[in-house]
1. As an exercise, use a Förster radius of 51 Å and the Cβ-Cβ distance of Gln542 and Met55 to find the FRET efficiency, rounded to the nearest 0.05.
2. Between Ser500 and Gln717, how many nm apart are label points set 7 Å from Cα along the C-beta direction?
3. Any idea how far apart Ser667 and Lys247 come out in nm if each label point goes 7 Å out from Cα toward Cβ?
4. Rolling a 1.4 angstrom probe over the protein heavy atoms, how many square angstrom per residue are accessible across the stretch 619-729?
5. Semi-axes of the stretch 619-729's equivalent ellipsoid from the Cα gyration tensor, sqrt of 5 times each eigenvalue, largest first, rounded to whole Å?
6. If I stretch the segment between Glu775 and Ala756 completely, what's the gain in nm (0.36 nm per residue apart, minus their alpha carbon distance), one decimal?
7. Ignoring ligands, DNA and RNA, what percent of the 1.4 Å accessible area of the stretch 619-729 is carbon and sulfur?
8. Spin-label point model (7 Å from Cα, Cβ direction): what's the Ile651 to Asn682 distance in nm?
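The values are calculated or read from the model by the stated rules, or taken from the named source; none is laboratory data. Since we're looking at a predicted model, the values are computed, not measured. With ideal geometry, Cβ positions are generated from the backbone for all residues, glycine too; neighbour counts draw on all protein chains shown. Note: areas computed on protein heavy atoms with side chains; ligands, DNA, RNA excluded. Shrake-Rupley method; radii C 1.70, N 1.55, O 1.52, S 1.80 Å.
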Amino acid sequence: MEIDSGSTHFTDFRSSDTNLNGGECMNPMVVNAFPVGIVHVINSGNVESEGDLRMEPSVGLEFNSSDEARDFYGLYAMRVGFKIRTGQLYRSRRDGSVSSRRFVCSKEGFQLNSRTGCPAFIRVQRRDSGKWVIDQIQKDHNHELGLEGENNSPVLQQKPPVAPKSLVEVLRRPKVKLLGQIENGGSSPSGIINFKRQKRGGDGRQPLPEPYTGLEFNTANEAYEYYQSYAESVGFRVRIGQLFRSKNDGSITSRRFVCSKEGFQHPSRVGCGAFMRIKKKDSGSWMVDRLNKDHNHDLGEQTVYVNKFSTASKKFIEEETNGMVSMDLGEMNTGKLIKRSRESKIGTDWYPVLLEYFQTRQAEDTGFFYSVEVDNGSCRSVFWADGRSRYSCSQFGDVVILDTSYRKSNYVVPFATFVGVNHHKQPVLLGSALIANESKECFTWLFQTWFKAMSCCRPKSIIADQDMAIQQAITEVFPGAHHQFSSWQIRAKERENLRSMPIEFRYEYEKCIYESQTTVEFNTTWNSLVNKYNLKGNAWLQQMYDKRESWVPLYLRGKFFAGIPIGETVESFFGTQVNGQTPLREFIPRYEQGLEQCREDERKEDFNSFNLQSFSQTKEAIEEQCRRLYTFTIFKIFQDELLQSYSYIGIKTYEEGTICRYLVRRSGHENDKHAVTFSAVNLSVNCSCQMFEFEGVVCRHVLKVFKLLNIRELPSQYILPRWLRNAEYRILCGAESRVSSQELKAFMIWSLRETACKYVECGTTSVEKYKLAYEIMREGGKRLY
């Protein structure tokens, strides 16, 4: 069975000499804040070294970096009882570098219902010494604060710890009884139902009370458990339906639990109207306020419990449920429900926490997707991606890295990420997963789920480990995609296998791999090397030779990898912030913080590309063309190739009809030469260095030939849309034919929301900018309507 569900920062160049408390910003004696490395957070959520951490933020407090300032403010917020977000950043007019940053209360602004426009913040400014100093501060909040010492994450509010439940425990809801029936004979206060597991003796089943309007529960989970058990006794199954939120603070106010045959989205559904809705009371308990017991279909027998489950009878059910996950059970051919045994620790420990996070995110983000692989009654692998990751894949999903570096050490969590490369050559997250095991079936499910979540985006190239299970899964799900082996794994196996070989062999081995210029040269050198050192029977060398197209640079240069260096270790998207050692209760806050930091870096580069200009080094029209089109990062690569082309000489060596061939070599370096073939029919060009094929930017050798032929602008086929400043808009327009109308709408919502947030963030930095932003949006609104 498979279960499936489908603050922008802006720059302001203002300088301010006043703080928000109405006084002038002082320049008191600088105080050094504690080093972040000294802080140790213990399990209770309190912090060690109370003397240091009771320090109040104040003007003049100094930090080694802005990250240290954020960590300090986050710990202060945790102690006082609020959460923080990263606010605006300010850049220097001189060189565009970040000169100051704001860290604000999480309730700052009004973009979400839960925000109250709280003014509390600190601002840190970078001094000439490189230190960061608090120069503005506002401590007053306009909302209630939590209790001191309460474990409030500075990034994402966490719920109280939940006892681990496996998915089978969620599916196999325990039988219930009224508190008045429990051993001590006490009565249930306010008629609230509580739950205890029953020992089964013989039949061992306790009679269930019929649901009725007014029935109360301590929690929504208890209500679901009760309705699930009631459904089992009557003979139907339950799904979690809609949830409703408060307009005031965004908290959940009511939930619906429905018959599994509600709706018509699946052939097995018949539009059944049976449901139970619970509403949250002011006291915090939940009460049934609406109920329909009538079904429009036959009810089955009571649940039959069996010990064995045939693999052939497994049924995978996929649904997108607008915020809640549907938990149907697998069926045997007899139609009777099967209760499956608990297996995976992902299900017992991680799934309950992740499910709550997924539901919260999906309520906020219409494009949020998650999927759970369930087998034998146990939650196995989990995959998720938010709307922005899915949108990024439509832009930059041509090259994908599957990072499973958690396998390098003994890991707590098998956390893997799908990562792409954006138009600034920065890593972008394209999905996250917890992987149950390293079987072919597991990776096949993972790739198929990612493929479905990304609107059937097929990558041209994939960088992943060389395990046979991964190789087979890639071949099955992405036939035609080129698989490059992860360099860390190659290096590890080289260290293991080369240590017993002579130093001379290792030297010649490296030279064969990295200096061969043609496949013929590589094959000849490799065979000569193996024969010379009598290594024909070496199984590892034979295996590496057989898979040479997946790791030898010579074979990879002709494939598009967005310029990711061959043979270099690709850094983890989250760095050390989230990895295989991250404990459960810290995982989600760290994940959110790391993701937001990376996306803030992307927004900075977007701002730079649209608002700052690169300097031209030549008067060539081709340079000006690319300066207008490319992002900063890509233009610098192109500009370097253009400047280097002046050191090369081009000699025509062949011409027949519209085809010409040139030998392009570097002056004074006879060995630095490449062949360039040009066709005048469609202005197509090919260079033996294969830089364009690998990176998507034309090389110095081609630029030299264009100069000789007086071609003043790059032909359109050599300007990849993925490298342009407006890559997001251009690729979105091209996605209309590839995605469903619902997915296209989600992409458009995300794109427009990001753009609108930029107007809001920038427009609130001063009255003048507010007037300008308001006028721009008002005029745009007139055109739109």
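1. In this case the efficiency is close to 0.25.
2. Each label point is offset 7 Å from its Cα along the Cβ direction, giving 5.2 nm.
3. If labels sit at Ser667 and Lys247, their model points lie 7.4 nm apart.
4. 49
5. After diagonalising the Cα gyration tensor, the semi-axes are 24, 16, 12 Å.
6. Once the chain is fully extended between Glu775 and Ala756, it gains 5.5 nm.
7. 51
8. 3.2
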